[in-house]
Amino acid sequence: MSLDADLILLGGGLANGLIAHRLATRRPDLRILVIEGGETLGGNHTWSFHDGDLSQAEHEWIAPFVAARWTDYDVRFPRRERRFGTGYASVSSERFRELLTRQLGQRILAGIPAVDVTPTSVTLADQRSFSARAVIDGRGARPSPHLDLGFQKFLGQEWEFDRPHGLQRPVIMDATVPQRDGYRFVYVLPFSPTRLLVEDTYYADRGTLDTEVLRGHLADYATRAGWGEGRLVREEHGILPIALGGDIDALIASSNGMPTVGLAHALFHPTTGYSLPDAVHVADLVSRAPDISPEGLARLLDAHARNIWSDRSYFRMLNRLLFHAGRPEERYRILEHFHRLPDPLVARFYAARLDFADKVRILAGKPPVPVFSALRVLAASRLPKESA
Ligand SMILES: Cc1cc2nc3c(=O)[nH]c(=O)nc-3n(C[C@H](O)[C@H](O)[C@H](O)COP(=O)(O)OP(=O)(O)OC[C@H]3O[C@@H](n4cnc5c(N)ncnc54)[C@H](O)[C@@H]3O)c2cc1C
């Protein structure tokens, strides 16, 4: 039987889109097919990352996807305002879609979701079937009993104002806003002198989002900022996973031998929920894979997910402190305290590449949460499988 492709990338979101790009560039010998259930690739997101998250070589190949770039950014807390001299950049879904559509053309099949999937075949809702040497599952976040999660949820609005808004650089966290539903901050990206993305964001226990309420908060914020009249260009919203604990072996076993990438394989920064840097690393990993059978790819991707999970246990412990050691409306104090640290350490934190001295230093100083609650949370971290 002739195969429809060497590799089917199921789900044309961030992780599989970047894999498709790297394979098309580095393995033009492979026939790839991207199957996306939505109308187009890439959904409706702004994917941002810090300069320190990527190597020089990764920066070079991701550059065509980058729609905006800044050399520094600000954070604001009730008792601390600070500028960090590290770069920040954003990839837009629009740019992602344009680039991949140009590069892959007919190798994208969008509009009909898959209903049946095996490691070598995909059947769509319209009953068409496609076969390949292997299928890579990049269908995005899904609920799992094997992950213990908190949530970073937000509503973002992109505005074109009638006059300049006056912001030169991103405000990654403005936590001077009233604290409610956990740790709340506003995130602002100025795309041009008159255009910006503003997001009302919460580190919350519950993954539900009342968009009407958040729209009201954004309107209040814009009024207080004095941005004046403007036109709403687009909205985006997200409920990102914040890892508190879990059982990576059980999560991997639940993929039943399917090579899996992206959020579904716990490939995200435990504290920020960002997955772009991981998606970039995995795209390179897959493009170098010596064996593209389902077993070969699953072995490679599962080993990678296990390593990443074990490397990042410290972040999950910090998350448990954030979510469980203090009162929800006091959570901002932990972030305020953290942002006292030097720029390079903060950059390594966002890149999830802390060394031992960094880990000690983050926890040093007067604790911003009650000591006994913190000890209780830390003691729970000693369980064989992490739990909150
Ligand atoms: C609004 C928003 C903003 C974000 N901002 C950032 C950020 O700034 N930086 C960052 O690093 N991370 C960010 N994230 C988090 C994370 O990077 C994204 O969620 C990222 O898109 C996850 O990548 P993924 O490839 O795992 O899944 P996705 O990008 O969600 O891709 C999954 C794809 O699979 C498709 N699909 C699902 N089921 C089927 C099916 N049955 N058949 C066919 N196709 C299917 C979906 O339609 C989707 O296109 C953001 C998330 C959201 C929601």
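The values are calculated or read from the model by the stated rules, or taken from the named source; none is laboratory data. Bear in mind the structure is a predicted one, so any value in this text is a computation, not a measurement. Note: ideal-geometry Cβ built from the backbone for every residue, glycine included; neighbour counts use all protein chains shown. Remember, those area values only see protein heavy atoms, side chains included, never the ligands or the DNA or RNA. Shrake-Rupley method; radii C 1.70, N 1.55, O 1.52, S 1.80 Å.
Taking all protein chains as they are arranged and a probe of 1.4 Å, the heavy atoms of THR208 leave approximately 80 Å² accessible to solvent.
Cα-based radius of gyration for the chain, normalised by 2.2 N^0.38 Å, reads 1.00.
In the context of the full set of protein chains, residues of the chain present 43 Å² of accessible surface per residue (probe radius 1.4 Å, heavy atoms only). With all pairs of different C-alpha atoms in the average, the Kirkwood value for the hydrodynamic radius of segment 224-304 is 15.2 Å. GNM remark for the chain: springs join alpha carbons under 10 Å apart, and the peak mean-square fluctuation among VAL360, VAL286, VAL135 falls on VAL360. What the phi angles of segment 71-80 give under the Karplus curve with 6.51, -1.76 and 1.60, with θ = phi - 60°, is a coupling list of 8, 7, 8, 10, 10, 9, 10, x, 10, 7 Hz, glycine and proline written as x. Comparing GLY17, PRO28, ALA57 along the charge dipole axis of segment 1-59, the residue lying farthest to the positive side is PRO28, per the Cβ-charge model.
Quick check: from the Cα gyration tensor, does segment 147-243 come out rounded (a/c under 1.5), prolate or oblate? Cα axes put segment 147-243 in the prolate bin. Share of carbon and sulfur in the accessible area of the chain stands at 54%, probe radius 1.4 Å. In this calculation the C-beta distance from ARG299 to ARG206 is compared with R0 = 51 Å, giving a FRET efficiency of 0.90.
Positive end of the dipole of the chain (Cβ unit charges, origin at the Cα centre): among ILE292, ILE239, GLN127, the Cα lying farthest that way belongs to ILE239. For segment 62-181, the fraction of C-alpha pairs more than 24 angstrom apart is 57%.
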